[in-house]
2 protein chains.
Amino acid sequence: MSATKLRKDQKRAVAVAAVRADPLQSLDRIDRAILRQLQTDASISNVALAARVKLSAPACLRRVERLKESGLIQAVVALIDPKAAGAGMLVMIGVVLDRSTPESFAEFEKAAQNVTGCMECHVVTGEFDYFMTIRTRDSDSFNRLHAEQLLYLPGVRQIRSFMVLKEILSTTKFPL
Amino acid sequence: MSATKLRKDQKRAVAVAAVRADPLQSLDRIDRAILRQLQTDASISNVALAARVKLSAPACLRRVERLKESGLIQAVVALIDPKAAGAGMLVMIGVVLDRSTPESFAEFEKAAQNVTGCMECHVVTGEFDYFMTIRTRDSDSFNRLHAEQLLYLPGVRQIRSFMVLKEILSTTKFPL
DNA sequence: CTTGAAATACTACTACG
DNA sequence: CGTAGTAGTATTTCAAG
């Protein structure tokens, strides 16, 4: 094996490792432009998208499909305006469980999925076991939710609610 | 004016008030089916969507456009898999400001918008002034973010970080 | 006011260079 | 990756419930 070939193989191995470490690195300027656009507005037609990223339509479509297949684009969805949909109130909730047993956690997680308007639920470090964010209509409806669902979540020692007074920033967009 | 007319007017006023109170009430079964579908997968073609909700393509398209124009559908976007994009770590952050003045809040809010990977930032009631959620790659990158950006946010007295260990639920879907 | 059928314009998609 | 061609879709028009 020649010294040149060895150097080439080495170079390639480094490149592959870099991609593994950060998939974004494997995306060129055009892929990023596509992702930036689709994160903002995915209802744009493929030809318009192609023009925007200065590519032919088929080439652009191939890239988008590759991005979907690779799983980087998880889904294309419609975002609904919560206020218009009658769920203008956002509440963040910290939960402390009674006992820190696997069964206790599993039971809670199963039940939490079914809380009406629950958008996020995560296990966290720190003074809480779980953090949830819930969308509901107003303080009345939240009070009902609190009394009828949250207080009946299994194995809960304490629930602390942080009502959102003002949404400064709320985005699904990812820094690229 | 006849008694019948009066009753009709009354009835209509009640209906209008109901719609104002909850725009979802004004949506029929088909609109809801459309929204449910588009919240899950908006890359579906209009003809396929029409078939799914048992409507002709033009009628379906008109409804979708109406839903967009009314603002109920805020946007159609591509969701990127954070892990695949090299930002698999999620951190929730509670912030307490030094002083509770309008200037202090305004200054903080302006600066918070520019924190790399900040997905949400809200004013909340309770023991914190703000709650933020931040996406980043790993604990190293979060540590850098913490040292280089979070600690320099203006007017901050205390920052408390809750690292997310497990994402149980994370959705943009709305209960309809 | 909304729907559905037909016609047109445009787009997605394929094959190939 | 781009060009050209085909298949299918979106979109308009219009008639009818």
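The values are calculated or read from the model by the stated rules, or taken from the named source; none is laboratory data. For clarity, every value in this text was computed on a predicted model and none was experimentally measured. Note that each Cβ is placed from the backbone with ideal geometry, even for glycine, and that neighbours are counted across all protein chains shown. When the accessible area is computed, the model is the full protein with side chains, heavy atoms only, and any ligands, DNA or RNA have been set aside. Shrake-Rupley method; radii C 1.70, N 1.55, O 1.52, S 1.80 Å.
Looking at chain A, which longest stretch skips every one of the trypsin sites (Lys or Arg not before Pro) that is in a DSSP loop with at most 12 other Cβ atoms within 10 Å, leaving the sites themselves out? Mind dumping the intermediate values first?
On the way: sites that count: A:Lys54, A:Arg99.
Longest stretch, sites excluded: A:100-176.
P(r) tail, chain B: Cα-Cα pairs separated by more than 29 Å, 49% of all pairs. Can you pull the percent of chain A's accessible area that's carbon plus sulfur, 1.4 Å probe, other chains left in place? The computed percentage sits at 52. The share of alpha-carbon pairs in the protein assembly as shown lying farther apart than 25 Å comes to 63%.
Averaged over the residues of B:120-132, the number of partner chain Cβ atoms lying within 10 Å of the residue Cβ comes to 6. Solvent-accessible area of B:Ser70, all protein chains in place: 80 Å² (probe radius 1.4 Å, heavy atoms, ligands and nucleic acids excluded). Averaged over peptide A:37-49, the number of partner chain Cβ atoms lying within 10 Å of each residue's Cβ comes to 3. Along segment A:87-104 the Karplus relation, 6.51 cos²θ - 1.76 cosθ + 1.60 evaluated at θ = phi - 60°, assigns HN-Hα couplings of 9, x, 9, 10, 10, 9, 10, x, 10, 10, 8, 5, 10, 9, 10, x, 5, 4 Hz to successive residues, with x for each Gly and Pro. Protein heavy-atom accessible surface, 1.4 Å probe, per residue over segment B:66-128: 42 Å².
Here the label points at B:Tyr152 and B:Ser70, each 7 Å from Cα along the C-beta direction, are separated by 4.6 nm in the simple model.
What does the average come to when, for each residue of peptide A:105-116, you count the partner chain Cβ atoms lying within 10 Å of its Cβ?
On the way: counts 2, 0, 0, 1, 3, 1, 0, 2, 3, 0, 1, 1.
For peptide A:105-116, the averaged partner shielding equals 1.
Annotation note: GluC sites (Glu not before Pro) in segment A:92-176 located in DSSP loop regions with a Cβ neighbour count of at most 13 within 10 Å are A:Glu127. Between chain A and chain B, the total buried accessible area stands at approximately 6000 Å², from heavy atoms with a 1.4 Å probe.
Between A:Asp28 and A:Ala51, what is the FRET efficiency for a Förster distance of 22 Å, r being their Cβ-Cβ separation, to the nearest 0.05?
Working: r = 18 Å, r/R0 = 0.81.
For A:Asp28 and A:Ala51, the calculated efficiency is 0.80.
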